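Notes follow once the structure below has been shown.
Only the coordinates and a few stated rules stand behind these numbers; no lab work does. On a predicted model such as this, the values are computed, not experimentally measured, just so you know. As a convention, Cβ positions derive from the backbone with ideal geometry for all residues, glycine included, and neighbour counts pool all protein chains shown.
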Amino acid sequence: MSTKPTERFHPDRLRKLEELEAAGVDAYPVASPEARRPTAEVRAEVEALDVPPGERSEAEAVVAGRVMARRGFGKLAFLDVEDQSGRLQVCVQKGAVPAEDFALLERLDLGDQVAACGVLGRTKVGEPTLFATGFTLLAKSLLPPPEKFHGLTDPELRARRRYVDLFANPEVREAFLKRADLVQAVRSTLLDHRYVEVETPVLHPIYGGAFARPFVTRHHALDMELYLRIAPELYLKRLLVGGIERVFEFARVFRNEGLSPRHNPEFTMLEFYEAYGDVRTMMDRTEEVVVAAADAVGLERDSEGRRVARFRGADYVLEPPFPRVRWADAFRERVGVDPTDRDAVRPLLERAGIEAAGDEGLPWWKAVNDLFEAEVEPHLAGPVFVTDYPAAICPLAKPTPGDPTWAERFEFFLGGMELANAFSELNDPRLQLARFEEQVASRDPEAPSAIDWDYVRALAYGMPPAGGCGLGVDRLAMVLLGRDNIREVLLFPHLRPE
RNA sequence: GGGGGCAUAACUCAGUUGGUAGAGUAGCUGGCUUUUAACCAGUAAGUCGCAGGUUCGAGUCCUGCUGCCCUCACCA
């Protein structure tokens, strides 16, 4: 916390608190919420009562919330009381409330939590209002809220003090509530398909399921290093072996890499697996999940009734089926040569400054894929499924039947970002072991440091053919909520220590 | 890590060619029984991010540092 004394506790507010307590007021009482109703509900009731301006009904209500604005007139004050549902004006009049309740106004500050009971009506100008017959303090605020018109705008402060951002900027609260709706809609979609939601370990003895540098931690009692998971994939597929046929997890994963408007060291990945399905099943599911998420956040529609996401100044139409293009075709169209034509590709790698180690296997295809990412991906606005990736860079995917150069995989692009990645899951334990050995031999710091023998053993017991998909929930929320920066969809994004 | 930008009151922001630090909101004092960015009068509030330098004089110019934002690199 800042060393500025005024930031610890505001002196004027502290003084008022002490004066209140000297007068016998409990500034932090225990609440008894039975009768309390959301302000939006009470406001709606006033509308329904059809009270003329300047009149009061006989209906009574109790509300509670934070004082967001105050307009005082000596013997009368209007307070805007805000709770999660919205705002309601409360009118506190001398004589209408007990004298000690009215006296609270003198030591009331913006930001204080209060409760009021009274009768419902409208003021002369028609504003729905609770005319208080009782008024109490629920919690004294010792720091001033941000300026009431502009709110809190500094992006760092907004993220550091999200609790302030949330109450001072209604559209921020709205965005995070919509994100919650989005997650719930995705969950419902999978549950409707008889998927089972599970939780798998976050601490992994061997990291795998993705290429990424891990965070390392230490278990003292076992005297061993553990890694925070970079993906839940290998555990979820063990469950397929165990006979849980449709399984998903909203997995917080951790990648020890740089921060950017699209990257946070910890983020939420939805992974879902379906036995007796394949990569095409996953395309159907992905379309369904994206549409459900879009509807959950109330995505706008164009004149033809199509769902349209506005993101970074561009429009994205989200109506299945989403376009699909083969990786090799996208490569050929953009780069001008066939990706399997080594002699044609090699000079292009050199020109792009990509080091092409060897001329086959993982290192070669990783280099070619680097070229794909540099030349092709920036043009993949989406929504689009890119399919049939080089098998060498897909160690967990099943090769295309009859053509082992390619793998049964797609990546889904939307808003210029990679949003999802799916395979027909590799279930041949011999081939899986060979792929692991190739990865470990590559000595790539992002590749696993050791072979996950237990995973190979699980496959050896027989894993049903299956489709699997990993989807970046934060990025989906970015596109659907029109937020440019991943920080805007994370309640508490990673920040340097204050 | 490279490049560019920003840092002034609790909050949102001005600050001219280098010449005594400004406004609105919030606060404080007083007034007001129908306002809703309430209003009226008065008042207090700043180590101009930090450290150096140039200068008679620096919020302003220069250098370094710190933090943040954008961008490139990185990130399957």
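Every Cα-Cα pair in the range A:97-234 was counted, and those over 25 Å apart are 64% of them.
How much net charge surrounds A:F176 when only other residues with a Cβ under 14 Å from its Cβ are counted (Lys, Arg +1; Asp, Glu -1)? It would help to have the intermediate numbers written out before the result.
Values: positive: A:R158, A:R162, A:R173, A:K178, A:R179, A:R483, A:R487; negative: A:D165, A:E171, A:E174, A:D181, A:D474, A:E488.
Overall, the nearby charge balance is +1.
Simple point charges give the picture: +1 on the Cβ of Lys and Arg, -1 on the Cβ of Asp and Glu, and for the range A:279-368 a dipole about the Cα centre of about 140 debye. Mean residue ellipticity, 222 nm, helices only, chain A: the sum of -39500 (n - 2.57) across DSSP H runs of n ≥ 4, divided by residue count and rounded to 500, is -9500 deg cm²/dmol. Lysine pair count for chain A (Cα-Cα distance under 29 Å; residues 8 or more apart in sequence or on different chains): 20.
Assuming a ≥ b ≥ c are the square roots of the Cα gyration tensor eigenvalues, decide whether the range A:220-373 counts as rounded (a/c under 1.5), prolate (otherwise, with a/b larger than b/c) or oblate. Judged from the Cα gyration tensor, the range A:220-373 comes out oblate (a/c at least 1.5, b/c at or above a/b). The Kirkwood radius of chain A, taken over pairs of alpha-carbon atoms, gives through the Stokes-Einstein law at 4 °C and 1.567 mPa s a diffusion coefficient of 49 µm² s⁻¹. From the largest down, the range A:243-307 spans 44, 38, 18 angstrom on the principal axes of its Cα atoms. Against the longest alpha carbon principal axis of chain A, how many degrees, from 0 to 90 and to the nearest 10, is the axis of helix A:39-49 turned? Tilt relative to chain A: about 60 degrees. Placing +1 on each Lys and Arg Cβ and -1 on each Asp and Glu Cβ, with no other charges, gives chain A a dipole about its Cα centre of roughly 1240 debye. Relative to the 2.2 N^0.38 Å rule of thumb, the range A:18-164 has a C-alpha radius of gyration ratio of 1.07. If exposed means no more than 16 neighbouring beta carbons inside 10 Å and the site is in a DSSP loop, what's the longest run of chain A without any exposed chymotrypsin sites (Phe, Trp or Tyr not before Pro)? Longest stretch, sites excluded: A:277-460.
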